[in-house]
Amino acid sequence: MTATTPVTVSVNGEPRRIPAGLTLDRLVATLTSAPAGVAAALNESVVPRGQWPATPLGEGDRVEVLTAVQGG
Amino acid sequence: MPGSRAVHDGPGPAADPFTIAGTTFASRLIMGTGGAPSLEVLERSLLASGTELTTVAMRRVDPGVKGSVLGVLARNGIQVLPNTAGCFTAGEAVLTAKLAREALGTNWVKLEVVADERTLLPDPVGLLDAAEALVDDGFVVLPYTNDDPVLARRLEEVGCAAVMPLGSPIGSGLGIRNPHNFQLIVEQAGVPVILDAGAGTASDATLAMELGCAAVMLASAVTRAQEPVLMAGAMRHAVAAGRLARLAGRIPRRHHAEASSPTAGQAALDPERPAFPAG
């Protein structure tokens with residue numbers, strides 16, 4: 001396995017170094033193991049859960065991973 | 001008297017359904033979940049309130065948080081209503097609604113587009129833009145709006161499933177500051193009108209229903225009460241009482257008294273006799 005060059009992405013507002021091409025499902029798994037109730041936006045667009053494994057991340061990407069909390 | 005009954009005994013829940021976008025609820029109290037001291041108190045409060053529809057906010061995943069409001073709602077059969085709290089632009093609100101739909105599997109959204117942190121008042125322009133975009137995208141949109149009859153009409157015209165005017169600013173507990181506007185909104189509305197924000201205690205919820213609101217939405221009044229579970233029960237009864245009073249039709253207000261005992265048949269007594277105090 002060839003080493004990939006790390007890239008910097010923003011994950012919920014925090015900069016993070018990840019291997020280039022890491023897919024969104026792998027990234028979300030580092031934040032939560034919840035099987036449902038979670039949604040992700042990549043650069044201000046919703047990425048449906050089913051497409052996470054096919055969504056590689058690159059330099060400068062902004063990822064927001066949200067869930068429901070007490071509110072309203 | 002045995003066998004006697006009122007002409008109308010009043011509707012039970014089945015006879016007086018509250019419907020939003022084809023979904024019928026027995027409870028006319030929509031609860032929020034913000035401000036509760038713990039998930040345990042929240043759950044007991046929701047159960048005491050009898051609510052069947054309850055809001056949540058969408059926020060960043062926090063790996064350190066244990067327990068979830070979603071679990072509380074799911075195990076009690078309460079429909080989740082995501083909000084867009086914290087959004088200041090139509091764009092933020094639309095994206096948040098789409099993320100909520102993806103995360104929670106519901107196309108319902110309580111739409112909030114607020115103007116500033118200090119007042120949390122709705123931004124009417126952004127609100128209407130976001131409402132129209134979300135309706136076009138297939139959402140059931142319940143907008144948190146100003147108590148403005150014209151804006152309420154515009155929101156209904158773009159396809160909102162209800163309108164949710166504020167009684168007073170969020171969390172203020174100032175009640176309904178402009179009851180007349182609520183009457184105007186209710187008179188013209190073809191969709192449910194739901195008091196949203198401002199209720200401080202039970203009488204505020206009752207007044208909303210007496211004014212013709214189809215339902216009441218509240219959170220802080222319960223979750224920040226000294227005894228949230230007690231207040232939740234109070235709100236349940238307050239909403240039901242106000243609804244019954246609305247259906248019953250109140251008496252007109254009068255400047256002077258109107259006797260409720262008959263004048264006919266009254267005895268002609270000498271006002272001076274017997275002497276008072278009687279000996």
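Can you give me the angle between helix B:179-188 and the longest principal axis of chain B, using Cα atoms only, in degrees from 0 to 90, rounded to the nearest 10? Rounded to the nearest ten degrees, it is 70.
Where both bridge residues fall in the range B:29-248, DSSP classifies roughly 5% of the beta bridges as antiparallel.
Considering only B:PRO169, B:PRO262, B:PRO122, the Gaussian network model of chain B with Cα springs below 10 Å gives its largest mean-square fluctuation to B:PRO262. Shape of the range B:29-248 from the C-alpha gyration tensor: oblate (a/c of 1.5 or more and a/b not above b/c, with a ≥ b ≥ c the square roots of its eigenvalues). Largest mean-square fluctuation among B:MET209, B:MET164, B:MET58, in a Gaussian network model of chain B whose springs join Cα atoms under 10 Å apart, belongs to B:MET58. Taken about its Cα centre, the range B:29-248 carries a charge dipole of about 640 debye when Lys and Arg each add +1 at the Cβ and Asp and Glu each add -1 at the Cβ.
Take the alpha carbon gyration tensor of the range B:44-89, find the square roots of its eigenvalues, order them as a ≥ b ≥ c, and report rounded if a/c is under 1.5; if not, report prolate when a/b exceeds b/c, else oblate. Oblate. Secondary structure note: in the range B:76-207, about 10% of the DSSP beta bridges are antiparallel. Taking chain B as a Gaussian network of alpha-carbon nodes connected by springs under 10 Å, the highest mean-square fluctuation of the residues B:ASP123, B:ASP204, B:ASP62 belongs to B:ASP62. Relative to the longest principal axis of the Cα atoms of chain B, the long axis of helix B:39-49 lies at roughly 40 degrees.
Give me the angle, in degrees from 0 to 90, between the Cα long axis of helix B:90-104 and the longest principal axis of the Cα atoms of chain B, rounded to the nearest 10. The two axes meet at around 90 degrees.
Read-outs throughout are calculated quantities, based only on the coordinates presented, and are distinct from any laboratory measurement. Remember, predicted model here, so these are calculated numbers, not experimental data. Here Cβ is always computed from backbone atoms with ideal geometry, including for glycine, and neighbour counts include all displayed protein chains.
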